[in-house]
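Where a number appears in this text, it was derived from the coordinates with a stated rule and is not lab data. Since the structure is predicted, the reported quantities are computational estimates derived from the model, not experimental observations. Note that we place each Cβ from the backbone using ideal geometry, even for glycine, and neighbour counts take in every protein chain shown.
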Amino acid sequence: MSILVVGSVALDSVKTPAGSRQDALGGSATYFAVASSYFAPVSVVAAVGDDFRAEDRRVLEDHHVDMAGLAIFPGKTFRWVGEYGQDMNTAHTLDTQLNVFARFSPRLGPDQRKRPFLFLANIDPELQQQVLYQMEERPKLVVGDTMDFWIRGKPQALRQVIANVDILMVNEAEARQLTGETSLVRAARHLLRQGPRMVVVKRGEYGALGFTADATFATPAYPLETVVDPTGAGDSFAGGFLGYLAASGDLTLDGFHRAMVVGSVMASFTVESFGLERLRSLTPEDIQERYQEFWRLTYFGSPADAPLPVGSPRLPGRRPAGARRSP
Ligand code: AMP
């Protein structure tokens, strides 16, 4: 089943302790589309300027991303300038230039209005709403993302978006900023009351937490020796998450849990290099292998097969309850 994404297609200038890149292809819709393209067909709704390079367009074409909805305007492509210090979980935005996005008003084609999976990637919440309202019928699943720039800049419109998504994805700082809660569990509960059926809180190197009204899931981040550039990790996570759900059609709680692992797999590739350098050149085997590694990383058997040998505080020489007598 196919996916529609509205979000930014950008030229990013990024500095991290591992080095820097100037005007490299980025943007929330770009990372999402490339990550999800390994699982399901994806169409992008976004705008670029006439400075958008043919080689950047080719990256998306090589991943068979449908770009019928990519508008080209005279002027400059969206630009983001960011920096990471030793704490790679926090991006410091140095500059955001909306450029052609300041006058972009998306018009969906008849085909795009029927897509069963919709990702409202990080972009002006008014644009996110315009896309949502043009859908002919309610998609099977609407997932939304945002960031501090819009939480501060367009709080009203953002509230409406949050009320209309099935799943909200935010990082931990955004969850706290949106709710004023310091506890992530309380922040997630607060956000669930605003409309979404599920809230996913991304925690960088600490993994991600998923909350529904009656379940909580956790997935770790893949333990990498070197994180080169975290830019796009959140959007790649969303691309793996929704790509998996669109490909499998499994919208059960177990399916959502697996989707979070696939999201973590795709994010782990993104952070291994600058920009899309690693994410764009993966093979299906790379993805399968890392998915297996996640399983090994988190598997500790079933408590039914290996009961925990715990009991009340013990006197020396006494066996704890549940401990097996040796033969
Ligand atoms: P993340 O996955 O959160 O690291 O997203 C990184 C991407 O978000 C970068 O490639 C930026 O181009 C893009 N971005 C940064 N600020 C904004 C913004 N205010 N609106 C939309 N996209 C943005």
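Which of the pairs 154/202; 114/202; 15/202; 114/154; 76/154 have their Cα atoms more than 26 Å apart in this structure? 114/202; 114/154, as the Cα separations exceed 26 Å there. Projecting the Cα atoms of 82, 304, 260 onto the charge dipole of the chain, computed from C-beta unit charges around the Cα centre, puts 304 farthest toward the positive end.
Each residue in 266, 260, 88 was given a count of other beta-carbon atoms within 10 angstrom of its own, and listing them fewest first yields 88, 260, 266.
Reported to the nearest whole Å, the Cα centre-to-centre distance from region 235-310 to region 95-124 is 27.
The label-point distance for residue 114 and residue 149, in a model that sets each label 7 Å from Cα toward Cβ, rounds to 3.5 nm. Rounded, prolate or oblate: pick one for region 53-187, where a ≥ b ≥ c are the square roots of the eigenvalues of its C-alpha gyration tensor, a/c under 1.5 means rounded, and failing that, prolate if a/b is larger than b/c, else oblate. Oblate is the answer for region 53-187, as a/c is 1.5 or above yet b/c matches or exceeds a/b. Split the chain at each of the GluC sites (Glu not before Pro) in a DSSP loop with at most 12 other beta carbon atoms within 10 Å, and the longest piece is 1-135. Normalising by residue count, the chain has a Cα convex hull of 160 Å³ per residue.
Ordering 38, 222 from the fewest to the most neighbouring beta carbons within 10 Å gives 222, 38.
By the count of other C-beta atoms within 10 Å, a proxy for reagent exposure, 202, 114 are ordered fewest to most as 114, 202. Residue 203 sits among other residues whose Cβ lies under 13 Å from its own Cβ, and their net charge, with Lys and Arg +1 and Asp and Glu -1, is -2.
For region 160-274, a/c is not less than 1.5, where a ≥ b ≥ c are the root eigenvalues of the C-alpha gyration tensor, and a/b does not top b/c. That puts it in the oblate class.
With K and R counted +1 and D and E -1, the other residues having a Cβ less than 11 Å from that of residue 157 yield a net charge of 0. Sequence-ordered 3J(HN,Hα) estimates for region 152-160 from the Karplus curve with 6.51, -1.76 and 1.60 and θ = phi - 60° stand at 6, x, 9, x, 5, 4, 5, 4, 5 Hz, glycine and proline given as x. Taking amide H as placed 1.01 Å from N in the peptide plane, residue 42 has its amide H under 5 Å from the amide H of 3, 66, each at least 5 places away in sequence or on another chain. Measuring r between the beta carbons of residue 193 and residue 105 and using R0 = 35 Å, the FRET efficiency lands at 0.65. Between residue 289 and residue 71, the contour length at 0.36 nm per residue exceeds the Cα-Cα span by 74.8 nm. Using θ = phi - 60° in the Karplus curve 6.51 cos²θ - 1.76 cosθ + 1.60, the 3J(HN,Hα) couplings for region 41-55 round to x, 9, 10, 9, 10, 6, 9, 10, x, 6, 8, 6, 7, 4, 5 Hz; x is entered for Gly and Pro. Counting Lys and Arg as +1 and Asp and Glu as -1 over every other residue whose Cβ lies under 11 Å from the Cβ of residue 105, the net charge comes to 0. Taking a ≥ b ≥ c as the square roots of the eigenvalues of the Cα gyration tensor, region 106-173 is prolate, since a/c reaches 1.5 or more and a/b is larger than b/c.
Remark: spin-label model distance residue 183-residue 92 equals 3.3 nm, labels positioned 7 Å along the Cα→Cβ axis.
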